[in-house]
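The values are calculated or read from the model by the stated rules, or taken from the named source; none is laboratory data. It should be emphasised that the depicted structure is a prediction, and the values quoted were computed from it without experimental measurement. Cβ placement follows ideal geometry from the backbone for every residue including glycine, while neighbour counts extend to all protein chains displayed. We work out accessible area using only protein heavy atoms, side chains counted, and drop any ligands, DNA or RNA first. Shrake-Rupley method; radii C 1.70, N 1.55, O 1.52, S 1.80 Å.
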Amino acid sequence: MSDVRLILCTFPDADQARRIGGVLVEARLAACVNLIPGVESIYRWQGAVETSAEVLAIIKTTTAVFPALESRLRELHPYVVPEIIALQPDQVAESYARWVSESVLVAEP
């Protein structure tokens, strides 16, 4: 099993997703951030059903770096309750997993 983690996170617009994604990559908390515009979200918020256009970010990091990434993402994110879902892929190509690991910060022991 790989150490790579895929983080799903929605943003209200592409500009904020791009800015925050750039901060995460620059800080070496993420190896890569893919932005998928045109997502429509239907959700319950404060007792009402809402619908919003959003941008989905798929953030690539490692298990060791995830806590720091989550903390920074919470600081930067405009939502009161940001979507931060970490997925563990069953299989990742060895060369890609190595690149992700080399692209993020090495956690202190």
Can you list residue pairs whose Cβ atoms sit under 8 Å apart, with the first residue in the range 77-97 being touching a residue at least 60 places away in the same chain (Cβ under 8 Å) and the second being part of a helix (DSSP H, G or I) and open to solvent by 90 Å² or more (accessible area, probe 1.4 Å)? Count only pairs 6 or more apart in sequence or on different chains.
Pro82/Arg74; Ile84/Arg74
Residues of the range 28-50 classified as assigned to a strand (DSSP E or B) and in contact (Cβ under 8 Å) with a residue 12 or more places away in the chain, total:
10
Would you mind finding the one in Ala53, Ala86 that is small (Gly, Ala, Ser), under 24 Å from Val106 (Cβ atoms), in contact with a strand residue (DSSP E or B) (Cβ under 8 Å, 6 or more places away or on another chain) and part of a strand (DSSP E or B)?
Ala86
Would you say Arg18 is in contact with a strand residue (DSSP E or B) (Cβ under 8 Å, 6 or more places away or on another chain), without any contact (Cβ under 8 Å) to a residue 24 or more places away in the chain, assigned to a helix (DSSP H, G or I) and open to solvent by 50 Å² or more (accessible area, probe 1.4 Å)?
yes
I'd like to check something: does the range 89-97 contain any residue that is surrounded by 12 or more Cβ atoms within 10 Å (Cβ to Cβ), out of contact with any strand residue (DSSP E or B) (no Cβ under 7 Å at 6 or more places or on another chain) and modelled with pLDDT of 95 or more?
yes
